[in-house]
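Trainee: This structure is in C-alpha cells; I'll ask about it shortly.
The values are calculated or read from the model by the stated rules, or taken from the named source; none is laboratory data. Worth saying up front: this structure is predicted, and the values here are computed from it rather than measured. Note that we place each Cβ from the backbone using ideal geometry, even for glycine, and neighbour counts take in every protein chain shown. Surface areas here come from the heavy atoms of the whole protein model, side chains and all, with no ligands, DNA or RNA. Shrake-Rupley method; radii C 1.70, N 1.55, O 1.52, S 1.80 Å.
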Amino acid sequence: MASRVQLEGRPIVITGGGTGIGAAVAVACATVGMPVTITGRRLEPLEQTREAVLEAGGQAQILQLDVTDPDHVDILLDTAEDAFGPFWAVLANAGRGLLRSGHGTSDPEMHAIFDVNFHATHALLREAANRMLARGDGGHLLATSSCVSKFAVPNHGAYAATKAAQDLLCQAMRLELAPAGIHVSTIHPITTTTEFFDVSAKVSGSTNGPSGTHLTPRRFMQPARQVADAVVRCLRRPVPEVWTSHIVRMLSAIRTLRPTVLDRQLRKFL
Ligand SMILES: NC(=O)c1ccc[n+]([C@@H]2O[C@H](COP(=O)([O-])OP(=O)(O)OC[C@H]3O[C@@H](n4cnc5c(N)ncnc54)[C@H](OP(=O)(O)O)[C@@H]3O)[C@@H](O)[C@H]2O)c1
C-alpha cells in the first residue's frame, strides 16, 4: 500500500471548480488544509465555491478561464504558484457531455468535445508534470474521467471516447512519472447529481429535458461529496483509479472479458 501523504499546506489546482464534483473536491481539499486554486468560465459559481472554502476554514483563489484557450495552462499554473507556492496536486476536472449517437455526431461536435475533455486535460497535465519534474520533489496528477471510460452507453459515444482517451493517457503517464515520485490517478464516477446532465442536454440542443439521470436507478446515483471524499482518500494514499461503485467497476471488468454479455444486459436495461 502507498505511504500516507501529509496534505496540509500542499496546494492543489482544480479546473471546473465552480460547480459539481470540482467544487466538492475544492471544499474537501480545503477542509484537510490544502490551499486551492479553482477555475471555470463563469465567475459567480467560482465565487460561491470560494465562499464555501473560506467557510470551511480554507484558502482559495479563483481564476476565470476557458480550458480551450491555448494560453490557459501557463496562466493558471503561474497564478497558482504566485499565490500558494509550488502546487502538489493538479486535478483536470473541467468537462462536459454530448447527447448524440455516434453516426449523428458531426466533425465540429467531436473536435469540440475532445478540446474540452481531452486536449485541455493533456495540456494541463503535461505542463504540470514538467514543472514537477523540474522541481524534483514529486506530486500528484489527477483527471476526472468516468465509469464510461471503460464501457460506453448509447448516445454517449463521443463523450465516452474522450474519457477513455483521458484514462489511457493517464495510464501511460503513471508509468512514465512513477520513478520521479509523481502519482497519476484517474477518477471514475458513476452518475453524480450535478449540472452535468442539464449542460449536456443544452449543448446537444435536446428538448427532452435532462440527458440521463431520470433513467438511472437510485443505487447508481451519488452526490458530488461522495466523489470528493474518495479523491481526498486518493490524495492521502495514491491509487491508480478511484471508483465509487464496486458494481459498476465489476461491469467494466465484464465488458473486457465478455463484451457480448454486457451488450445484452445493457440493451435490456436501456
Ligand atoms: N456528473 C456525472 O454523472 C459525471 C460522471 C462521471 C464523470 N463526470 C465528469 O466530472 C467532471 C465534472 O463534471 P460535473 O459532474 O461536476 O458537472 P458540472 O457541474 O457541469 O461541472 C463541469 C465544470 O467544468 C467547467 N467547464 C466546462 N467547460 C469548460 C471550459 N471550456 N473551460 C473551463 N471550464 C469549463 C464548468 O464551469 P463553467 O461552465 O463555468 O466553465 C463546470 O464547473 C467532468 O469532467 C465530467 O465529465 C461527471
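Trainee: Determine whether D82 is loosely packed, with under 13 Cβ neighbours inside 10 Å, more than 16 Å from the ligand (Cβ to nearest atom), in a helix (DSSP H, G or I) and at pLDDT 95 or above.
Mentor: So D82 passes the test.
Trainee: Pull out all pairs, ordered by first then second residue, where Cβ-Cβ is under 8 Å, the residues are six or more apart or on different chains, the first lies in region 53-81 and is within 23 Å of A28 (Cα to Cα), and the second is aromatic (F, W, Y) and part of a helix (DSSP H, G or I).
Mentor: Cβ pairs passing all conditions: Q59/F84; Q61/F84.
Trainee: Of everything in region 250-270, what is open to solvent by less than 100 Å² (accessible area, probe 1.4 Å) and farther than 20 Å from I190 by Cα? Give them in sequence order.
Mentor: If the condition is that a residue be open to solvent by less than 100 Å² (accessible area, probe 1.4 Å) and farther than 20 Å from I190 by Cα, then T260, V261 are the ones that fit.
Trainee: Considering only residues that are among the polar types (S, T, N, Q) and farther than 20 Å from A129 by Cα, look in region 148-169 and name the one that is surrounded by the most Cβ atoms within 10 Å (Cβ to Cβ).
Mentor: Out of the qualifying residues, it is T162.
Conditions (1) polar (S, T, N, Q); (2) in contact with a strand residue (DSSP E or B) (Cβ under 6 Å, 6 or more places away or on another chain), marked per residue:
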| residue | (1), (2) |
| --- | --- |
| T144 | yes, yes |
| I182 | no, yes |
| T191 | yes, yes |
| E195 | no, no |
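Trainee: Oh, and also: For residues that are more than 20 Å from C147 (Cβ to Cβ) and under 17 Å from the mean Cα position of the chain (by Cα), tally how many sit in region 173-187.
Mentor: Looking only at region 173-187, we keep the residues that are more than 20 Å from C147 (Cβ to Cβ), and these are 173, 175-183.
This time we only want the ones that are under 17 Å from the mean Cα position of the chain (by Cα), so: 173, 183.
Qualifying residue count for the region: 2.
Trainee: Let me ask something additional. Hey, can you tell me all the residues within region 131-147 that are open to solvent by 10 Å² or more (accessible area, probe 1.4 Å) and away from the ligand (no atom under 12 Å from the Cβ)?
Mentor: R131, L133, A134, R135, G136, D137
Trainee: Is one or more of the residues making up region 10-19 assigned to a strand (DSSP E or B) and either within 12 Å of the ligand (Cβ to nearest atom) or open to solvent by 20 Å² or more (accessible area, probe 1.4 Å) (or both)?
Mentor: Of all residues in region 10-19, those assigned to a strand (DSSP E or B) come to 12-15.
Cutting the leftovers down to either within 12 Å of the ligand (Cβ to nearest atom) or open to solvent by 20 Å² or more (accessible area, probe 1.4 Å) (or both) gives us 14-15.
Yes, that holds for at least one residue.
Trainee: Mind listing whichever residues of region 57-79 are within 14 Å of the ligand (Cβ to nearest atom), part of a helix (DSSP H, G or I) and hydrophobic (A, V, I, L, M, F, W, C)?
Mentor: V73, I75, L76
Trainee: All but one of (1) open to solvent by less than 10 Å² (accessible area, probe 1.4 Å); (2) touching a Phe, Trp or Tyr at 6+ places or on another chain (Cβ under 8 Å) hold for L235; state the number of the condition that does not hold.
Mentor: (2)
Trainee: Taking region 21-40 as the region of interest, how many residues are farther than 20 Å from V5 by Cα and open to solvent by 10 Å² or more (accessible area, probe 1.4 Å)?
Mentor: So the answer is 4.
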